[in-house]
C-alpha cells in the first residue's frame, strides 16, 4: 500500500536532483561540473537504494526506519550546500526532506505506533525512532545559519520553514 508512493517519491527526488544539477552549470569549470555530477549521482544512488529498502520492508516500522536513513542522508547533503552559501540547494533539500517526512516517515510511523503494544520491543523502537527523527530534523535546522548574509536569503528562510513544518508533522512524543 505505501510501497509505490515511497518508491515513486525516491525516484522523483532522484530525477529532480539530477535534473537540477544540469542547467545550473553555467560558469562552472569542467572539474566543478564533474564534481557536481558525481555528488548528485551518489545522492541519487543512495536515495534509490533507500527506496528499494522501503519497497522490500515487511513492516511499517522498517519502512519508517528506511525513511529515517534518507532524512539522515539529506542532512549530509545539506552541510556542503550551506558551506558553499548555496541557498537554492538548501531550499531544494528542504523540499525533499519535507516530502520524505510527510509522505514516507509519518504514515509508516503512525501505523507502527498504533500497532506497537506497550512494553514490546517494537514499542521501545517506536519511541526511539521518534526521538531520532526529531533529532535529525533539529540537526538539519541547526545546519542552516541564523546569522550572516546567507541567513537573510529568502530561499534559506523557506528551507528553514520546510524543516519546521516537517518537524511539526512528526508530532510530539507520546508517553502511552
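The values are calculated or read from the model by the stated rules, or taken from the named source; none is laboratory data. The structure displayed is predicted, hence computed values, not measured ones. Quick reminder, even Gly has a Cβ in these numbers, built from the backbone with ideal geometry, and neighbours come from all protein chains shown.
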Q) Does any residue of the stretch 52-70 turn out to be buried (at least 17 other Cβ atoms within 10 Å of the Cβ), part of a helix (DSSP H, G or I) and either on the phi > 0 side of the Ramachandran plot or modelled with pLDDT under 90 (or both)? A) yes
Q.
Every residue in the stretch 107-136 that is surrounded by fewer than 22 Cβ atoms within 10 Å (Cβ to Cβ) and under 17 Å from residue 72 (Cβ atoms), please.
A. 125, 128, 129, 130, 131, 132, 134, 135
**Q.** Positions within the stretch 76-94 being crowded, with 16+ Cβ neighbours inside 10 Å and either closer than 20 Å to residue 165 by Cβ or touching a strand residue (DSSP E or B) at 6+ places or on another chain (Cβ under 8 Å) (or both), in sequence order
**A.** 77, 78, 81, 82, 87, 89, 90, 91, 92, 93, 94
Q. Quick one: residue 104 ticks every box in (1) under 15 Å from the mean Cα position of the chain (by Cα); (2) surrounded by fewer than 16 Cβ atoms within 10 Å (Cβ to Cβ); (3) over 29 Å from residue 150 (Cα atoms) bar one, so which box is it?
A. (2)
Q) Which residue, of 150, 163, is surrounded by 15 or more Cβ atoms within 10 Å (Cβ to Cβ) and more than 23 Å from residue 110 (Cα to Cα)? A) 150
(Q) Any residue that is touching a helix residue (DSSP H, G or I) at 6+ places or on another chain (Cβ under 7 Å) and at pLDDT 80 or above - is there at least one of those in the stretch 28-42? (A) no
Q: Give, as residue ranges, the helices (runs of 4 or more DSSP H) completely inside the stretch 92-170 that count at least 2 residues that are over 22 Å from residue 51 (Cα atoms) and touching a residue at least 40 places away in the same chain (Cβ under 8 Å).
A: 121-143, 154-170
